[in-house]
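The structure under discussion appears below in the form of structure tokens.
The values are calculated or read from the model by the stated rules, or taken from the named source; none is laboratory data. Here the structure is a predicted model, which means the values were calculated and not measured. Cβ atoms come from the backbone with ideal geometry, glycine included; neighbour counts cover every protein chain shown. These accessible areas exclude ligands, DNA and RNA; they are computed on the full protein's heavy atoms, side chains included. Shrake-Rupley method; radii C 1.70, N 1.55, O 1.52, S 1.80 Å.
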Amino acid sequence: MTQKEFLDQLDQPRIVQAIKDAEQQTSGEIRVHIQPRVTGGDIRFVGERTFERLGMTKTALRNGVLLFIASEEKQFTILGDKGIDDKVPPGFWDEIAAKLTIRFKNSEFTDGIAEAISAVGEHLKTYFPRSAEDVDELSNEIDVDE
């Protein structure tokens with residue numbers, strides 16, 4: 001599947017709305033990045049570089065989450081910033097990743113991504129509840145690299 005075919009199958013407005021809804025529960029900031037393939041290292045390494053490039057390390061509480069997707073390889077990784085990693089137990093993302101893996105295998109990309117985002121919001125609200133003064137620090141739009 002090409003990147004174009006992957007993107008054509010996505011209901012991008014639904015994913016953006018899922019981010020907005022999830023961020024109503026938490027002060028955490030959620031981003032989705034999609035690129036065709038992983039080049040220059042393994043997916044986690046490339047995801048970490050993308051995390052930094054998107055300015056996700058600059059949130060006040062260091063509580064950004066990136067869902068990094070290599071569309072043509074049907075691979076992804078979920079990355080949390082230092083503020084999250086300092087508070088959550090090991091394996092925090094495992095259940096979300098397992099469910100998303102099943103959705104990707106079934107080519108249910110929009111459902112899988114939207115559900116993963118919702119689950120991220122649910123998980124984060126325990127550690128980073130939304131406050132009345134919360135500000136949306138990062139764009140909710142999907143970041144796409146060709």
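Numbers below:
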| read-out | value |
| --- | --- |
| Those residues of region 1-20 which are over 18 Å from residue 97 (Cα atoms), open to solvent by less than 80 Å² (accessible area, probe 1.4 Å) and assigned to a helix (DSSP H, G or I), in sequence order | 3, 6, 7, 12, 16 |
| Elements of type helices (runs of 4 or more DSSP H) contained in region 54-146, each with 2 or more residues being over 18 Å from residue 17 (Cβ atoms) and of a type in the set (A, V, I, L, M, F, W, C) | 94-105 |
| Failed item, numbered, when residue 37 is tested on (1) farther than 19 Å from residue 140 by Cβ; (2) buried (at least 17 other Cβ atoms within 10 Å of the Cβ); (3) in contact with a strand residue (DSSP E or B) (Cβ under 8 Å, 6 or more places away or on another chain); (4) among the charged types (D, E, K, R) | (2) |
| Matching option when the condition is more than 27 Å from residue 41 (Cβ to Cβ) and among the small types (Gly, Ala, Ser), among 107, 139, 71, 118 | 118 |
| Residues (more than 15 Å from residue 78 (Cβ to Cβ) and touching a residue at least 40 places away in the same chain (Cβ under 8 Å)) located in region 110-124 | 110 |
